[in-house]
Amino acid sequence: MLKLFSKRNRVLLHELTVTDFKLRYQQSALGYLWSILKPLMLFAVMYIVFAKFLAMGGDIPNYAVYLLAGISFWTFFAEATTQGLQAIVSRGDLIRKINFPKYIIVLSGTISALINLFFNLLVVLVFALLTGVKFRWTVLLLPLNILEMYLLALGIGLMLGSLFVKYRDVGYLWEVALQLFFYGTPIIYPITMVSATHPFMAKLMMLSPMAQVIQDIRYNLVTDYTQTLWSMWGTPLIGLVPLGIVLVILAFGAWYFGRNSKKFAEVM
């Protein structure tokens with residue numbers, strides 16, 4: 001990884017990231033606006049169905065911002081992991097022509113998703129101001145939350161990208177897995193709905209890094225009424241569990257990617 005800091009690799013990472021971001025919205029009428037409109041449209045549908053028709057989130061202050069924040073960060077996670085999955089195969093011609101660290105391709109895809117998250121986060125912040133959210137000092141912790149989510153997405157992206165080179169079925173399996181994770185994470189429904197009837201199951205759900213980090217983001221950004229991993233388990237040390245899962249996934253993903261990267265050009 002230290003080779004990343006060489007001038008050649010930094011320039012390559014920059015060019016690949018910019019190219020990925022530009023190509024994603026090439027030949028679309030609205031262009032880069034889709035990076036903002038996609039989560040906003042999903043939010044509008046979810047808010048009408050779950051908040052208005054099913055009356056979810058009535059006990060949570062600023063539930064609209066609460067929901068938008070969850071959807072925006074989930075969108076980033078799904079996009080970053082999918083970009084990581086497709087990164088090596090989509091750059092097959094480049095890999096055959098140039099000798100360079102292959103993980104730079106996965107990094108460029110996930111960083112491109114991170115740029116989209118930045119624009120979405122600006123929308124969330126503006127929406128929060130317009131709806132009267134009172135920011136607390138905890139908003140300063142958001143960069144740490146984003147870093148944790150990014151490292152998780154990067155670790156998964158490295159694993160999926162390696163597997164996808166040889167097994168194209170991984171792409172379809174990951175689509176299904178994302179749907180399962182989406183509904184298994186308290187994004188469109190409050191975790192209080194689960195804890196009210198199945199308190200232990202709610203605690204287990206919060207051990208998931210995605211559930212933990214999204215709830216922390218909501219707590220730090222939107223409202224301190226948000227239930228977090230620490231408030232549900234009653235001890236700050238439990239926070240080491242999802243963080244440990246993230247580090248294990250990242251370490252394994254980097255190891256597995258490095259082990260297989262020399263054979264990418266041959267297998268594709």
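The values are calculated or read from the model by the stated rules, or taken from the named source; none is laboratory data. It should be emphasised that the depicted structure is a prediction, and the values quoted were computed from it without experimental measurement. Every residue, glycine among them, receives a Cβ derived from its backbone with ideal geometry; neighbour counts consider all protein chains shown. Just the protein is used for accessible areas: all its heavy atoms, side chains included, with ligands, DNA and RNA removed. Shrake-Rupley method; radii C 1.70, N 1.55, O 1.52, S 1.80 Å.
With a cut-off of 12 Å between beta carbons, the residues surrounding LEU158 carry a summed charge of +2, where Lys and Arg count +1 and Asp and Glu -1.
When the surface is traced with a 1.4 Å probe over the full set of protein chains, ASP224 keeps roughly 80 Å² accessible. The range 88-198: percent of C-alpha pairs farther apart than 21 Å? Counting pairs separated by more than 21 Å, the tail of P(r) holds 57 percent. Give me the distance in nm between label points sitting 7 Å out from Cα along the Cα-to-Cβ direction at ILE98 and ILE238, one decimal. Each label point is offset 7 Å from its Cα along the Cβ direction, giving 4.8 nm.
Sorted on the mean count of surrounding Cβ atoms within 10 Å across their residues, most packed first, peptides 227-233, 139-145 read 227-233, 139-145.
Each of the peptides 60-69, 95-104 was scored by the mean count of other Cβ atoms within 10 Å over its residues; in descending order, highest first, they stand as 60-69, 95-104. If you sort GLU175, GLU148 by accessible surface, 1.4 Å probe, largest first, the order is GLU175, GLU148. Computed from the Cβ-Cβ distance with R0 of 22 Å, the FRET efficiency linking LEU180 to TYR225 stands at 0.20.
Subtract the Cα-Cα distance of LEU122 and MET193 from 0.36 nm times their separation in residues, and report this length gain in nm to one decimal. Write out the running numbers ahead of the final one.
Details: separation 71, 0.36 × 71 = 25.56 nm, distance 2.91 nm.
Contour length minus the Cα-Cα distance gives 22.7 nm.
The protection proxy used here, the mean number of other Cβ atoms lying within 10 Å of each residue, ranks peptides 246-253, 193-200 as follows, highest first: 246-253, 193-200.
Which semi-axes, in whole Å and largest first, does the equivalent ellipsoid of the range 111-268 have when worked out from the alpha carbon gyration tensor as the square roots of 5 times its eigenvalues?
So the equivalent ellipsoid measures 31, 19, 15 Å along its semi-axes.
Compute the separation of the alpha-carbon centres of the range 71-115 and the range 177-195 and state it in Å as a whole number. Taking the Cα centre of the range 177-195 as reference, the centre of the range 71-115 is 26 Å away.
Report the calculated FRET efficiency for VAL248 and PHE135 (r = Cβ-Cβ distance, R0 = 35 Å), to the nearest 0.05. Here the calculated transfer efficiency is 0.55.
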